[in-house]
Amino acid sequence: MNLSKTGQGLTGPAVSLALFATLILITTGRVTTAQQTSSNATGAPAAATVNANPMPAAQVDEIVRAFTAKESRFRQALNTYAFKRDALVQTIGMGGQVTGEYHRVSQFTFDDQGNRFEKINYFPMPTLTEINITAQDLEDLGGVNPFALEAAKLSSYSFKYVGKEKIDELDLYIFDVGPKVAPDPKKIKERYFQGRIWVDVQDLQIVKARGKAVPEDKNNKYPTFETYREQIDGKYWFPTYTYSDDELTFGNGNVVRMRMLVKYTDFVVGRGRVTITEVGDAPAGLEKPEPPKLESKPTPSPQTQKQPETSAPTEAVTPTEGGILNSKATQLPAAKYPDEAKKIHAFGEVQVQVVVDETGKVISAVAMFGPESLRQAAVDAAKQARFKPTIVDGVAVKVSGILTYDFTAQ
């Protein structure tokens, strides 16, 4: 994951967060309450009764093979479902006040060709200044990411049996998990999970996990998280809740406290055709999320564009959302590093919100996030991008999305 700082020439820490909310994930509705009381949000285990009786190696291997095989089937099934994602990331200052916020509510559905895309329902201007949410973070939050304890990844991980624990009416196996070989952040880009998982004794499915991504370096840090699952359609255990409240300590000694809450709802089997609707108000209940409660700053409901006055029926004027558009561009000129940025050696990622017309031409470009001295250069480059027309229900439509530009200090 690329590191990018926010602001102009910042000397404080900044980090690209690994918000891999659907990693190896977790829990049934039957055990949610007990799980939240048996561990805290920072990942430190609370007091619990663990039966540490040893288990034969052959039995451990059999259990591991069983739940990793089910993880493979879970991942394949998740790729066929549409769902809603509500992602909230905050930085916390002295006294517990919220110092910055990134809040994005999206619907993930499918186009005519069966490709998943993101329709943004609610996305106020981010106010984060100490950390930066990158394009890769957004892809991770989309629910289809490279993190999973699938059968294909089995050879890369070691599993240490810890014992058994009873939560509510469930008997659970406990395993500590980590990469077999400590990854070197200078030589490898792939991230691995390191932490603890709980596996249901009867169903041999992961019902709880707590951990983080590795490797880290002095500037690239990842929060410890917990994720929970619920059963969907009576057969698949999909993520519905991920939470983190952690302090990230950087190589220069600076500390950033962050909170993250990601909720997944409205799982339905994906369709090949979609219906475009207008952006609605912020969903109810965000001011009082499920425990542990986040103290989200009040935000106004987004305004919906008015339809032109006409006697004939009109189509919704809001463009369909395309999410991160870099990989979809047929032409994507690089951004020129500005002369004024050289004076302060500014660097980082700039996110530009663009609107693409029915022919694939960019008709609007606005920098949403990133160092101020680099924004105009990113906007100028974004205006030159070109795309193939986007077809929805057989008709070419406007598309709104984000182009990202990474700048290296000069």
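The values are calculated or read from the model by the stated rules, or taken from the named source; none is laboratory data. Because the structure is a prediction, the values reported are computed rather than measured. Methodologically, a virtual Cβ is constructed for each residue, glycine included, from the backbone with ideal geometry; neighbour enumeration extends over all protein chains shown. Ligands, DNA and RNA are stripped out before the accessible areas are found, and what is left, the full protein with its side chains, is counted by its heavy atoms. Shrake-Rupley method; radii C 1.70, N 1.55, O 1.52, S 1.80 Å.
Any residue that is among the polar types (S, T, N, Q) and either at pLDDT below 85 or surrounded by 18 or more Cβ atoms within 10 Å (Cβ to Cβ) (or both) - is there at least one of those in the range 91-99?
Within the range 91-99, one or more residues are among the polar types (S, T, N, Q) and either at pLDDT below 85 or surrounded by 18 or more Cβ atoms within 10 Å (Cβ to Cβ) (or both).
Considering only the range 317-339, state which residues are touching a strand residue (DSSP E or B) at 6+ places or on another chain (Cβ under 7 Å), of a type outside the set (A, V, I, L, M, F, W, C) and farther than 20 Å from residue 132 by Cβ.
319, 320, 321, 322, 328, 330, 331
Suppose we keep only residues that are under 18 Å from residue 67 (Cα atoms) and either of a type in the set (S, T, N, Q) or in a loop (DSSP other than H, G, I, E, B) (or both) within the range 166-208. Which one would you say is most open to solvent (accessible area, probe 1.4 Å)?
Within the range 166-208, the match that is most open to solvent (accessible area, probe 1.4 Å) is 202.
Is it true that some residue in the range 307-316 is modelled with pLDDT of 50 or more, open to solvent by 40 Å² or more (accessible area, probe 1.4 Å) and either under 25 Å from residue 130 (Cα atoms) or among the β-branched types (Val, Ile, Thr) (or both)?
No, every residue in the range 307-316 fails to be modelled with pLDDT of 50 or more, open to solvent by 40 Å² or more (accessible area, probe 1.4 Å) and either under 25 Å from residue 130 (Cα atoms) or among the β-branched types (Val, Ile, Thr) (or both).
How about the range 74-115: which of its residues are without any contact (Cβ under 8 Å) to a residue 60 or more places away in the chain and assigned to a helix (DSSP H, G or I)?
76, 94, 95 - these are the residues of the range 74-115 that are without any contact (Cβ under 8 Å) to a residue 60 or more places away in the chain and assigned to a helix (DSSP H, G or I).
Given the residues 377, 329, 346, 334, which is the only one that is closer than 26 Å to residue 106 by Cβ and hydrophobic (A, V, I, L, M, F, W, C)?
329
Could you grab me the full set of residues in the range 357-381 that are under 23 Å from residue 116 (Cα atoms) and open to solvent by less than 10 Å² (accessible area, probe 1.4 Å)?
360
Return yes when residue 342 is closer than 21 Å to residue 132 by Cβ, open to solvent by 20 Å² or more (accessible area, probe 1.4 Å) and of a type outside the set (Asp, Glu) and no when it is not.
Taking the combined requirement at face value, the residue satisfies it.
Return the residue satisfying two criteria in turn: it lies in the range 63-84 and is of a type in the set (A, V, I, L, M) and within 19 Å of residue 155 (Cβ to Cβ), and of such residues it is modelled with the lowest pLDDT.
Result: 69.
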